[in-house]
Amino acid sequence: MAETHKGFGLLFEMGCGKTLTAIMIAGTAYQMGKVEKVLVVAPTSVCSVWPKDFAEFADFKANIKVLLGDKNRRLKLLNDLDNFPFKALKVAVINYESTWREGIFDALYEWNADMIICDESQRIKSHDAEQSKAMHKLGDQAKYKLILSGTPVQNNAIDIYSQYRFLDSTIFGENFYKFRNRYAVMGGFNRKQIVGYKDLDGLIKKEHSIAFRITKNEAIDLPEQTFETRRVHFSKKEQDLYNCIKRDSYAELDSGGQITATTVLTKLLRLQQLTGGFLVKDDASKPEQVSRAKLDALSDIIEDYVIGSGKKLVIFARFIAEVKAIIDLVAKLLPRGMKQVAIYGEIKKEDRGDIVKQFQEDPNTTVFIGQIDTAGTGITLTAADTCVYYSKNFNYATYSQSLSRIHRIGQRNVCTYIDLEVDKTIDELISQSLAKKEDMAKTVVDDWRAYFE
């Protein structure tokens with residue numbers, strides 16, 4: 001297909017391996033001598049997934065740089081990649097919002113990648129958006145192109161046009177309005193609203209002529225549960241604040257007083273609250289929001305999975321402040337007609353059964369938000385097959401129970417779990433401990449220094 005069309009779509013549902021498949025395609029092309037440079041464009045929260053997956057799965061030499069930070073840092077990283085002296089596939093990873101920025105676009109265009117991978121390609125569904133136009137121009141000069149998406153068509157069938165304009169303009173042409181007139185029925189005020197579609201079978205046939213679609217239900221070789229980590233990055237200011245609190249905590253614990261599990265866990269809780277975006281200052285009674293890093297990463301998932309696919313999602317968080325921030329976020333993101341429900345400490349026990357029933361039975365209730373200690377046990381949430389952990393607690397038994405809210409009798413699909421972890425923070429240590437099936441409260445006294453190094 002690459003020899004004839006130069007572009008291909010991997011339209012895989014979440015958890016079906018589109019990143020792994022794209023890495024294999026890039027590696028094969030590299031080993032065949034067809035590509036030396038690959039540009040990966042992805043949502044910000046997904047960028048850090050790529051170097052991790054390359055390191056884990058690529059059976060070939062690759063040098064990967066994630067172009068995040070200010071403009072000068074991004075340009076330096078790209079230049080370092082270009083000047084890498086050893087033979088390896090050179091991979092630059094950047095977020096969509098940066099591709100069209102002054103100085104960045106010109107540098108990417110000049111870098112002239114042999115292959116461009118457009119991850120979560122529904123991000124360029126709007127044909128006239130700046131990032132879409134930038135991707136079209138970059139794609140026009142690339143030898144090979146891939147789009148990766150579980151939801152290439154979100155709210156309208158015409159969403160496919162811009163993605164295929166990047167991928168292969170011979171499929172649907174280079175004129176959006178001709179495409180729209182071919183497949184959309186216009187009406188409403190001044191006939192500017194899409195009121196229907198025509199020849200959708202023809203559209204889908206053309207779409208799939210250079211694409212492969214797979215769903216979780218079709219991927220019979222998938223395990224019953226798949227786990228994914230989305231790396232979240234603090235800004236420099238946020239990272240400095242985190243490091244300051246960590247240093248102060250270490251100094252206080254190391255001052256010669258008695259070390260107890262309670263004192264260590266209290267310090268760790270404060271660090272974990274900060275990775276979730278909140279800080280309780282010494283003279284304050286309520287937590288103050290100091291970061292939106294995880295909320296922005298969660299927004300990507302909600303937009304792609306709930307709004308894009310129309311599927312249901314469970315979100316667990318540890319702290320009340322996080323739960324309420326997530327509720328506010330979801331309220332802003334969900335379109336009219338979609339609803340959310342939540343169970344946390346302040347919700348009366350007698351009301352919780354009806355809340356679960358609503359999520360299970362009402363097709364328009366698409367998001368369940370639960371405080372992990374309150375909603376992580378004893379309820380069934382099998383209307384969803386995907387669960388996001390905004391934050392987790394330190395207890396393995398509670399975590400294990402929460403996994404079973406969607407993975408239990410009545411579930412017919414593979415279950416996907418997504419961890420949001422701020423890079424190089426307590427989040428990683430919690431996940432490592434839980435992966436060992438440990439209860440951190442029982443180990444922190446002996447190993448407390450490891451958590452604050």
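The values are calculated or read from the model by the stated rules, or taken from the named source; none is laboratory data. Keep in mind that what you see is a predicted model, and the values were worked out from it rather than measured. Please note: Cβ atoms are built from the backbone with ideal geometry, for glycine as well, and neighbour counts cover all protein chains shown. Surface areas here come from the heavy atoms of the whole protein model, side chains and all, with no ligands, DNA or RNA. Shrake-Rupley method; radii C 1.70, N 1.55, O 1.52, S 1.80 Å.
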| field | Size of electric dipole in the stretch 1-68: Cβ of Lys, Arg +1 and of Asp, Glu -1, about Cα centre, debye, nearest 20 | value | 220 debye
| said: Please list the three semi-axes, largest first and in whole Å, of the ellipsoid equivalent to the chain, using sqrt of 5 times the eigenvalues of its alpha carbon gyration tensor. | reply: 39, 29, 20
| field | Per principal axis, descending, Cα span of the stretch 32-140 in whole Å | value | 39, 26, 26
| Peptide ranges 251-260, 359-368 listed from the most packed, as the mean C-beta count within 10 angstrom indicates | 359-368, 251-260
| Per-residue [θ]222 nm for the chain (sum of -39500 (n - 2.57) over DSSP H runs n ≥ 4, rounded to 500) | -12000 deg cm²/dmol
| R0 = 25 Å: FRET efficiency of K34 with L200, Cβ-based, nearest 0.05? | 0.10
| task | Give the relative contact order (percent, whole number) for the chain; include only Cα pairs under 8 Å separated by 6+ residues. | result | 15 percent
| To the nearest µm²/s, what D does Stokes-Einstein give for the stretch 243-320 at 20 °C and 1.002 mPa s, using the Kirkwood radius over alpha carbon pairs as Rh? | 143 µm²/s
| note | Loop-resident chymotrypsin sites (Phe, Trp or Tyr not before Pro) in the stretch 39-108 with no more than 12 other Cβ atoms inside 10 Å, DSSP not H/G/I/E/B, are F86
| note | Going residue by residue through the stretch 241-256, the Karplus relation 6.51 cos²θ - 1.76 cosθ + 1.60 with θ = phi - 60° gives ³J(HN,Hα) values, rounded to whole Hz and with x marking Gly or Pro, of 5, 4, 5, 5, 5, 5, 5, 4, 5, 4, 4, 5, 6, 8, 7, x
| query | Check M186: other-chain or 5+ apart residues with amide H under 5 Å from its amide H, H built from backbone geometry? | reply | V195
| request: Mind computing the radius of gyration and Dmax over the alpha-carbon atoms of the stretch 370-420? Å is fine for both. | output: 10.3, 30
| Assigning unit charges at the beta carbon (Lys, Arg +1; Asp, Glu -1) and nothing else, what dipole magnitude in debye, to the nearest 20, does the stretch 374-453 show about its Cα centre? | 440 debye
| note | Residue by residue through the stretch 67-73, the couplings from Karplus 6.51 cos²θ - 1.76 cosθ + 1.60 with θ = phi - 60°, in Hz, x for Gly and Pro, are 7, 10, x, 6, 4, 4, 5
| note | Projected onto their principal axes, the Cα atoms of the stretch 313-431 stretch, largest extent first, over whole-Å spans of 39, 33, 28
| message | Over 5 Å intervals from 0, what percent of Cα-Cα pairs in the stretch 141-300 sits in each interval? | response | 1, 6, 11, 11, 10, 9, 8, 9, 8, 8, 7, 5, 4, 2, 1, 0
| message | Out of the GluC sites (Glu not before Pro) in the stretch 1-64, which ones are loop residues according to DSSP with at most 13 other C-beta atoms within 10 Å? | response | E3
| said: If I compute solvent accessible area with a 1.4 Å probe over the protein chains, what percent of it on the stretch 43-103 is carbon and sulfur? | reply: 50 percent
| query | To the nearest 10 square angstrom, how much accessible area does H136 have with a 1.4 angstrom probe? | reply | 20 Å²
| query | What dipole magnitude, in Debye to the nearest 20, does the stretch 96-219 give about its Cα centre under +1 on Lys/Arg Cβ and -1 on Asp/Glu Cβ? | reply | 600 debye
| query | Using θ = phi - 60° and the Karplus form 6.51 cos²θ - 1.76 cosθ + 1.60, what ³J(HN,Hα) does each residue of the stretch 33-39 get, whole Hz, x for Gly and Pro? | reply | x, 8, 9, 10, 10, 10, 10
| note | log10 I(q)/I(0) for the stretch 109-203, Debye formula on C-alpha points only (no solvent), q = 0.18, 0.20, 0.25 Å⁻¹, two decimals, reads -0.81, -0.97, -1.36
| request: Work from the charge dipole of the chain (Cβ charges, +1 for Lys and Arg, -1 for Asp and Glu, about the Cα centre) and give the residue of V314, T170, A211 farthest towards its positive end. | output: T170
| In the stretch 91-140, which GluC sites (Glu not before Pro) are in a loop and have at most 13 other Cβ atoms within 10 Å, using DSSP for the loop call? | E102
| task | Determine the order of I214, I301 by accessible area, beginning with the largest, at a probe radius of 1.4 Å. | result | I214, I301
| query | Residues of the stretch 19-91: accessible area per residue at 1.4 Å, in Å²? | reply | 50 Å²
| note | For the K87, K178 Cβ pair and Förster radius 35 Å, calculated FRET efficiency rounded to 0.05 is 0.20
| Overall Cα dimensions of the stretch 218-367 - principal axes, largest extent first, Å | 57, 40, 30
| How far, in degrees from 0 to 90, does helix 261-275 lean away from the longest principal axis of the Cα atoms of the chain, to the nearest 10? | 30 degrees
| With each label point set 7 Å from Cα along the Cα-Cβ vector, what nm distance links I327 and S400? | 3.1 nm
| note | Sorted list, accessible surface of protein heavy atoms, 1.4 Å probe, largest first, for K61, K339, K246 is K61, K339, K246
| task | Provide the percentage of antiparallel DSSP beta bridges, counting only those with both residues in the chain; round to the nearest 5. | result | 10 percent
